[in-house]
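A.B. asks: Input: one structure, supplied below.
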Amino acid sequence: MKNKKTIFIACDTTSQKKIKKIISETNSLKLNIGYKIGLEFFYSKNGRNFLSQIKSKNIFLDLKFNDIPNTCGAALKAIQDLKNIKYITAHINSGEETLRTIKRISRNKYKILGVTVLTSINKIHLKRLGFKNDIKNVVVCQAKIAKKLKLNGIVCSGQEIKKVKKICKNMEIVVPGIRLPGDKNQDQKRVMTPKKAFDLGASAVVIGRSLTNGNIKQNLKKLIKSLK
Ligand code: C5P
């Protein structure tokens, strides 16, 4: 299992049937597959209930906590009945106090991944938000905070892997904004192929639409081939 590439499949849908299909069609001995459940499915009717029954050992609950410490801590307590969650995410921009609270409440039950500048943001968007630094430098600041607070890993785009790796040694680097060669970017701005992200040092990549739109089995074959 150790040398296998970890692929988190973003299960972005409200349909339980679709999630069942994604899980049953992505059984692969060649990859270490995990399932990322995000806001769309978690907020769907009965989504939370369904999530509690998923058997995979590699569930990544991507709720991207981003609120004051008290609210995030209470929200984390509120999902503690979900026993099968391995990873949770919090925006590093939620601040050090919030991240500390999440860590404290989590009591090492979950691996906490700090989310840096979203892959859907480009340099113009970031500037308009008032950031004076360019994207890489903002991500570097965020990575330093993640390191200082001893988060388990970081979520960043492929373009920042090299810089983040230097700071977050021994931490997991999870990379979304992944597209198979030739696929459209859609709303993502900072994209990369899975092979390039792994070559640069990602410990895992997140793939949604490139894998789940159209024929999932064929897309998975294409993914495996692209990694060679
Ligand atoms: O379909 P696509 O591959 O673009 O999906 C990417 C997934 O990764 C989505 O579920 C999105 O919420 C998540 N994500 C992201 N960018 C981040 C963090 C998470 O796209 N910076």
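A.B. asks: Being touching a helix residue (DSSP H, G or I) at 6+ places or on another chain (Cβ under 9 Å), in contact (Cβ under 8 Å) with a residue 40 or more places away in the chain and either aromatic (Phe, Trp, Tyr) or assigned to a helix (DSSP H, G or I) (or both) is the requirement here; does Asn70 meet it? I'd like the intermediate steps shown before the answer.
C.D. replies: Values: touching a helix residue (DSSP H, G or I) at 6+ places or on another chain (Cβ under 9 Å): yes; in contact (Cβ under 8 Å) with a residue 40 or more places away in the chain: no; either aromatic (Phe, Trp, Tyr) or assigned to a helix (DSSP H, G or I) (or both): yes.
Judged against the criteria, Asn70 is not a match.
A.B. asks: Further question: I'd like the residue in region 61-93 that is polar (S, T, N, Q) and within 14 Å of the ligand (Cβ to nearest atom) and, out of all such residues, is least open to solvent (accessible area, probe 1.4 Å).
C.D. replies: Thr89
A.B. asks: Condition first: more than 20 Å from Thr14 (Cβ to Cβ) and of a type in the set (Ser, Thr, Tyr). Can you find one or more residues in region 62-85 that meet it?
C.D. replies: Within region 62-85 (the criterion being more than 20 Å from Thr14 (Cβ to Cβ) and of a type in the set (Ser, Thr, Tyr)), the answer is yes, since at least one residue qualifies.
A.B. asks: Quick check: anything in region 98-112 surrounded by fewer than 20 Cβ atoms within 10 Å (Cβ to Cβ) and hydrophobic (A, V, I, L, M, F, W, C)?
C.D. replies: yes
A.B. asks: Right, something else. For region 156-164, indicate whether the set of residues that are crowded, with 21+ Cβ neighbours inside 10 Å, more than 9 Å from the ligand (Cβ to nearest atom) and either within 12 Å of the chain's Cα centre (by Cα) or in a loop (DSSP other than H, G, I, E, B) (or both) is non-empty.
C.D. replies: Scanning region 156-164 turns up no residue that is crowded, with 21+ Cβ neighbours inside 10 Å, more than 9 Å from the ligand (Cβ to nearest atom) and either within 12 Å of the chain's Cα centre (by Cα) or in a loop (DSSP other than H, G, I, E, B) (or both).
A.B. asks: Tally up the residues in region 121-131 that are open to solvent by less than 50 Å² (accessible area, probe 1.4 Å), over 18 Å from the mean Cα position of the chain (by Cα) and within 15 Å of the ligand (Cβ to nearest atom), please.
C.D. replies: 2
A.B. asks: Please work out if Leu180 is within 12 Å of the ligand (Cβ to nearest atom) and assigned to a loop (DSSP other than H, G, I, E, B).
C.D. replies: The answer is yes for Leu180.
A.B. asks: Here is a follow-up. Kindly indicate the residue of region 132-155 that is part of a loop (DSSP other than H, G, I, E, B) and more than 16 Å from the chain's Cα centre (by Cα) and also surrounded by the most Cβ atoms within 10 Å (Cβ to Cβ) among those meeting that condition.
C.D. replies: The qualifying residue surrounded by the most Cβ atoms within 10 Å (Cβ to Cβ) is Leu149.
A.B. asks: Among what's in region 196-224 and is in a helix (DSSP H, G or I) and β-branched (Val, Ile, Thr), pick the residue that is nearest to Val115 (Cα to Cα). Steps first, answer last, please.
C.D. replies: Of all residues in region 196-224, those in a helix (DSSP H, G or I) come to 196-200, 209-212, 216-224.
With the extra rule that they be β-branched (Val, Ile, Thr), the set shrinks to 212, 216, 224.
Details: Thr212: 23, Ile216: 27, Ile224: 26 Å.
Applying the filter and picking the extreme gives Thr212.
A.B. asks: Further, regarding this structure: What are the residue pairs meeting all of these: first residue in region 166-195, first residue farther than 17 Å from Leu118 by Cα, second residue open to solvent by 60 Å² or more (accessible area, probe 1.4 Å) and within 12 Å of the ligand (Cβ to nearest atom), Cβ atoms under 8 Å, and 6 or more apart or on different chains?
C.D. replies: Asp183/Arg209
A.B. asks: Additional query: Any idea which of Asn27, Asn58 is at pLDDT below 95 and open to solvent by less than 20 Å² (accessible area, probe 1.4 Å)?
C.D. replies: On the way: Asn27 fails: open to solvent by less than 20 Å² (accessible area, probe 1.4 Å).
Exactly one residue qualifies, and that residue is Asn58.
A.B. asks: Take Leu118 and decide whether it is surrounded by 15 or more Cβ atoms within 10 Å (Cβ to Cβ), under 15 Å from the mean Cα position of the chain (by Cα), at pLDDT 95 or above and on the phi < 0 side of the Ramachandran plot.
C.D. replies: yes
The values are calculated or read from the model by the stated rules, or taken from the named source; none is laboratory data. On a predicted model such as this, the values are computed, not experimentally measured, just so you know. Every residue, glycine among them, receives a Cβ derived from its backbone with ideal geometry; neighbour counts consider all protein chains shown. Surface areas here come from the heavy atoms of the whole protein model, side chains and all, with no ligands, DNA or RNA. Shrake-Rupley method; radii C 1.70, N 1.55, O 1.52, S 1.80 Å.
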